[in-house]
Every structure is written in structure tokens, then in C-alpha cells.
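Chemist: To start, I am sharing the structure in question, which I have written as C-alpha cells.
None of the figures in this text is laboratory data; all of them are computed from the coordinates on show. This structure is a prediction, so every number in the text was calculated from the model and none was measured. No Cβ is skipped: glycine too gets one built from the backbone with ideal geometry, and neighbour counts run over all protein chains shown.
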Ligand code: XIL
């Protein structure tokens with residue numbers, strides 16, 4: 001055979017494959033099933049590391065800001081809003097054709113103390129807090145009206161045992177603060193989707209409380225489109241069965257499900273929640289993979305990813321979006337939570353910005369499912 005013919009044959013075999021590989025992103029494989037999103041930080045939005053910004057634009061179909069829309073950064077003082085970063089995130093999403101969602105309007109963490117006190121430092125009266133909530137929500141949601149698909153309206157209002165968290169909002173306004181938040185958000189952008197977001201949603205008592213809240217909000221005539229399960233998960237908990245049960249319960253309550261902050265910590269953990277004020281002391285035993293993750297552990301982690309992703313696909317009639325909480329293991333918040341200074345490996349891209357091999361398997365899996373629309 002002539003050398004040219006051999007080259008032509010090789011080209012015919014190789015070229016289509018490289019082409020398909022370039023096409024193979026989670027965004028494409030999940031298209032029509034659910035959005036596949038990522039939480040972004042300002043370095044990425046500002047293009048400080050262009051490789052990361054490009055990966056976000058190419059591999060994902062949605063973004064959410066990791067911090068800059070939270071109450072404290074966006075509204076640090078009663079009369080002062082800081083729009084610069086949030087504006088940039090929304091523009092970055094639009095430029096790259098990524099769906100943008102907002103996180104989060106009402107939360108007990110990352111919120112200025114001014115929100116709850118008067119000039120003498122005493123708790124404000126219920127009407128004052130309600131009015132501050134109204135102002136905050138109207139101003140923030142109103143600014144991005146029509147440009148943000150949906151908002152995490154209230155974040156983490158329940159304890160794991162299903163009782164209300166005794167946050168300042170709850171102490172001053174009682175449970176109605178949740179209803180007010182949903183009403184104000186709907187007034188500010190009637191077309192925006194509205195979500196309740198929490199961690200450990202698969203804990204039965206908490207799930208029951210959230211289902212109860214959904215029913216109450218609906219009965220009160222409030223818009224609620226979905227429940228966001230943060231999905232900050234571990235190697236041994238929760239079980240896939242527990243996650244599936246929560247999906248069934250939420251589906252039966254007539255809301256969509258969002259996986260809003262997915263990461264799977266590979267490290268041992270002294271705490272299975274995601275309340276950011278919980279902190280534990282560093283020890284070497286709690287940080288076992290500083291050099292590398294052993295193969296056997298990596299395989300277990302990959303299996304966790306695939307088992308969970310398989311479940312999202314199985315329920316893709318109700319799962320509308322899956323968002324990972326960060327791009328690379330380098331930038332994950334879990335390097336500092338719930339213990340500072342560890343090395344965790346919870347995300348889909350490694351410390352060299354390389355896509356982990358499990359992503360190819362996720363793509364193959366996703367392609368086997370039909371689109372829902
Ligand atoms: C985390 C961010 O990732 C960190 O950068 C920040 O220091 C603390 O908050 N639940 C949430 C997220 O709803 O907003 C939190 O994000 C993680 C837990």
C-alpha cells in the first residue's frame with residue numbers, strides 16, 4: 001500500500017474520534033436533560049487564569065456566583081450596595097451563553113449584622129426587619145430582572161432534625177420570614193424561578209420539614225419552583241437510597257429538584273453538615289492525601305460520582321439543574337472546611353485544570369438517556 005493511502009486510512013479512523021472528543025462535554029451530553037452548572041469565583045470571571053475561564057465557558061451550561069451575591073458582599077451596609085462583582089458575573093454568563101442563577105437572598109451566614117440591629121445595637125422590631133428584607137430583595141432581584149433564571153430565595157432555614165433554625169430572621173419574625181422572602185422576590189421579578197436551598201436534604205426529618213414548607217408556601221399562593229439540595233456529600237454518606245428517597249418525596253410535593261452545590265469530599269470528616277460557621281482543629285490523620293490519592297480510594301470516589309450522577313439522570317424529569325461547587329480541586333472551599341488547610345479532591349477538574357477521567361464515563365452515561373424536551 002502506498003504511504004498516502006495508509007495515511008488516509010489512519011486519518012479516517014482518528015479524525016472523527018478527535019472531533020467527537022472535542023464535542024464531549026458535560027454541557028452537551030446533558031443538554032435537554034438538565035443544566036450542568038458550576039459555581040464561579042471572581043478570578044475566573046475576571047480572566048485572571050484564562051484557562052479556567054475558558055473551561056467554564058466550554059464545559060458547562062450554567063453558572064452561579066460562589067460568593068458575590070450573598071447578603072454581606074452585595075449589601076454590606078444599609079445604604080450601600082456593591083454591584084461590581086455581581087454585574088460582572090451576569091455579564092460573563094451572557095457573553096458565554098451560560099444560564100445564570102442567583103445565590104442567595106436570605107441566609108443566616110455571610111450577612112451584615114446591621115441587618116438585624118438598630119443604631120443602639122438592639123434587635124429591630126419585626127416590621128423593621130421585614131422592611132429591610134423587602135428593600136434588599138427588591139433591589140437585588142430588581143437589578144437583574146429578566147437576566148437571572150432563578151434565585152435561591154432562602155438558604156438553610158432548617159436544622160437537620162426538621163426544626164426551624166433559630167436564626168435572627170426566625171427569632172425576630174418567626175417562620176413567616178420565609179413566606180415574605182418568596183413574596184418579595186416574586187414581586188421584584190415575576191418571571192424568575194424561586195428556590196428553597198439547603199444541605200442534608202436527604203436527612204428524613206429535614207426533608208419532611210422542607211416538603212411541609214413547600215406545601216405551606218403553595219397553600220399561601222407563593223411561587224416556589226424547586227428545592228435545591230446543596231449536595232455537599234461524603235464518601236460514606238448519604239447513601240444513594242437516602243438521596244433517592246428524598247427525590248421521590250420532593251417530586252411528590254410537586255416541585256423540581258436542583259443539585260445546587262455538588263461536591264464529594266474524599267477526606268474523613270468530623271461533621272456531615274455544611275453550616276459554614278462549624279470549624280474543627282487540624283490534624284494529620286484528617287488530611288491523609290497531601291501527596292496523592294491512592295488508586296483504591298480514587299476508584300471509590302469515582303463510583304460515588306457515577307452512582308449519584310446516574311440518579312440525577314434517572315430523575316431527569318424533575319432534576320432541572322446540577323451545579324458543582326467549584327471548578328478545580330485547587331479552588332474548592334473544602335480545602336478549608338470544616339478544617340482549615342487540608343487538601344481535598346471533591347470536584348471534576350484536578351489541580352492542573354485537567355478534567356478527571358470519570359467525566360468521560362459521566363458523558364457516556366448521559367448520552368444513553370433521552371432528552372426530556
Ligand atoms: C461557601 C463558599 O464556597 C466559600 O468561598 C465561602 O467562604 C463560604 O461559603 N452552603 C452555601 C454556600 O450555600 O454559599 C457556601 O459557600 C457553602 C455552604
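Chemist: Would you mind putting 145-153, 166-174, 292-300 in packing order, based on average other-beta-carbon counts within 10 Å, highest first?
Modeler: Working: 145-153: 21.0, 166-174: 16.8, 292-300: 12.7.
Ranking, from highest mean packing down: 145-153, 166-174, 292-300.
Chemist: Subtract the Cα-Cα distance of residue 117 and residue 284 from 0.36 nm times their separation in residues, and report this length gain in nm to one decimal.
Modeler: Answer, rounded to one decimal: 56.0 nm.
Chemist: For the chain, what proportion of DSSP beta bridges, expressed in % and rounded to the nearest 5, is antiparallel?
Modeler: 10
Chemist: Further, regarding this structure: Determine, for each peptide in 120-128, 37-45, 346-354, the mean count of other beta carbons within 10 angstrom over its residues, then list the peptides with the highest first.
Modeler: 37-45, 346-354, 120-128
Chemist: Mind pulling the angle between the C-alpha long axis of helix 295-314 and the longest principal axis of the chain? Nearest 10 degrees, somewhere in 0 to 90.
Modeler: Around 70 degrees separate the two axes.
Chemist: Follow-up question, since we're still on this one. Each label point is 7 Å from the Cα along the Cα-to-Cβ direction; what then is the distance between the points at residue 235 and residue 371, in nm?
Modeler: With each label placed 7 Å out from Cα toward Cβ, I get 3.9 nm.
Chemist: Relative to the longest principal axis of the chain, what angle (0 to 90°, nearest 10) does the C-alpha long axis of helix 50-59 take?
Modeler: The angle comes out near 90 degrees.
Chemist: If the chain between residue 87 and residue 251 were fully stretched, how many nm would it gain, using 0.36 nm times the residue separation less the Cα-Cα distance?
Modeler: Contour length minus the Cα-Cα distance gives 55.7 nm.
Chemist: What is the extension gain from residue 364 to residue 176, computed as 0.36 nm multiplied by their sequence separation minus the C-alpha to C-alpha distance, in nm to one decimal?
Modeler: Roughly 63.2 nm would be gained on extension.
Chemist: Quick check on packing: order 366-372, 190-196, 81-87, 52-58 by the mean number of other C-beta atoms within 10 Å, highest mean leading.
Modeler: In decreasing order of mean packing, 366-372, 190-196, 81-87, 52-58 become 190-196, 52-58, 81-87, 366-372.
Chemist: If you fit an axis through the alpha-carbon atoms of helix 358-367 and take the longest principal axis of the Cα set of the chain, what angle between them do you get, 0 to 90°, nearest 10?
Modeler: 90
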